[in-house]
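For reference, the structure discussed in these notes is given below.
The values are calculated or read from the model by the stated rules, or taken from the named source; none is laboratory data. These numbers come from a predicted model, not from an experiment. Here the Cβ is made from the backbone with ideal geometry for all residues, glycine too, and neighbour counts use every protein chain on show. Side chains are part of the model used for accessible areas, which takes the heavy atoms of the whole protein and leaves out ligands, DNA and RNA. Shrake-Rupley method; radii C 1.70, N 1.55, O 1.52, S 1.80 Å.
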Amino acid sequence: KPPYKKKKHEYPHEAGFDWMTHVFEANLWIATGYTRSQFHYDKEWNVNCLLSGTKRWIFLDPFKYDSDLQWSRGRKFQPRDPLNNAWTDWVYLDPDKVDLIVQHKLRNMDYYELIQEAGDCIFIPYAMLHQVQKLDDGMQVAASWMFLPESIYEEEVCKEAPLQEDLPLAAMDTLFMYSGRGLIPQGYQDPLNFVNKLRIYMAESKEEYFSLETFTKAVTEGDAILRNIRNGKKKIKTLYKRITAYGTERSEAGQVQLSRKDLRKVPLRLWAKAAAEGDDEGPLPCDHGQEYQDCSDEEFKKMTDFVRARLETAKHEEQATSAEPVLNRRSYLTPKRKREEEL
């Protein structure tokens, strides 16, 4: 019996493709010079594949040393309930020159170190502290995919997947999509957490329907982009209208209303914009003055139509051939095992 209980996916695919793995972030990393990251953890599983260059990785188990680490944000890492970590956090240090007087407790911490070369893929467990450094000044190219640790494999659901040919990443269900313009959606608050915050605010003000006042309060706290950006009030009102357009009820005046129970009917790709621009910790240094370019309805339709066409093609190919269908379970035999099976 598994040590968990199954429940409905909290980030369901908007078009109903339940077999498709939900990707939180899909990143392409291109760099020259001796670049490096902060010493941080991510909330998701992470697969990082290096296409060119050489990198050094440092890993440290935060479950062993949580109370001795000098967290930058604080109160985000939950060692007793890590699946509910309140987003990412990092250790406040300079990875190029660690001050072992200030960070003296690091002297007694065990860590892991490895070298990644072109062609290597690294799996990084969620909540694992890690820091990566580029080891030469040449061109480096890497790709990474981040997905929920709560995800499980379901045989029946995955039978519907079109396995005859790989789907392009552009057609996958990626929560924080990046169009190549505007705010780079990395490290901002989870849109699902943002929706839950709205529910709390609505309950506190005893609202039956989502109001502009409540939305404004939620997206202008702390150093939020929408609090400080030029024409912020106008942008908030425009975004509010886009969100409430998904409401299923109307007021006596005929205006569309979004009830508390219908908040999840709004696509998460739209909540991602509100969550990023309304993050109370403010933007990353590279994102000042930028807005998040969310996935439009037109772009999402193109993605959905492409996948449906691929599903239809796979169905016709399966009906037209007597060959065994492609299975979602793949096993690769060693040469010795293959000879034994042939005999």
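Structure notes:
- Accessible heavy-atom area order of Arg75, Arg269, highest first, probe of 1.4 Å: Arg75, Arg269
- Dividing the mean sequence gap of close Cα pairs (under 8 Å, 6+ apart) by how many residues region 235-307 holds gives a relative contact order of 21 percent.
- In region 1-89, GluC sites (Glu not before Pro) in a DSSP loop with at most 15 other beta-carbon atoms within 10 Å: Glu10, Glu14
- For region 198-249, trypsin sites (Lys or Arg not before Pro) meeting the loop criterion (DSSP other than H, G, I, E, B) and having at most 16 other Cβ atoms within 10 Å: Lys206, Arg230.
- Working from label points 7 Å from Cα in the Cα-to-Cβ sense, the Ala170 to Leu100 distance is 5.0 nm.
- Accessible surface, per residue, of region 153-300 when the full set of protein chains is kept, probe 1.4 Å, Å²: 54 Å²
- Sequence-distant lysines (8 or more away, or on other chains) whose Cα lies within less than 21 Å of Lys233: Lys197, Lys217, Lys241, Lys273
- For region 39-83: accessible area per residue (Å², 1.4 Å): 49 Å²
- Residues of region 80-94 with amide N under 20 Å of the 7 Å Cα→Cβ point at Asp68: 80, 90-94
- Solvent-accessible area of region 165-225 (1.4 angstrom probe, protein heavy atoms only): carbon and sulfur portion equals 53 percent.
- Label point of Phe306 set 7 angstrom out along Cα-Cβ; within region 268-291, amide nitrogens under 19 Å from it belong to 269-270.
- Cα radius of gyration and Dmax for region 185-324 (Å): 19.1, 63
- Extension gain for the segment Ser296 to Leu83, taken as residue separation times 0.36 nm less the Cα-Cα distance, is 73.7 nm to one decimal.
- Taking a straight Cα-Cα cut-off under 20 Å and skipping sequence neighbours fewer than 8 places away in the same chain, the lysines within cross-link reach of Lys159 are Lys6, Lys7, Lys8, Lys315.
- Of the solvent-accessible surface of region 41-111, computed with a 1.4 Å probe and all protein chains present, 48% belongs to carbon and sulfur.
- Computed over the chain, the P(r) tail beyond 28 angstrom holds 54 percent of alpha carbon pairs.
- At R0 = 25 Å, FRET efficiency that the Cβ-Cβ distance of Ser179 and Phe123 yields, to 0.05: 0.35
- Region 122-159 versus region 53-80: alpha-carbon centroid distance in Å: 17 Å
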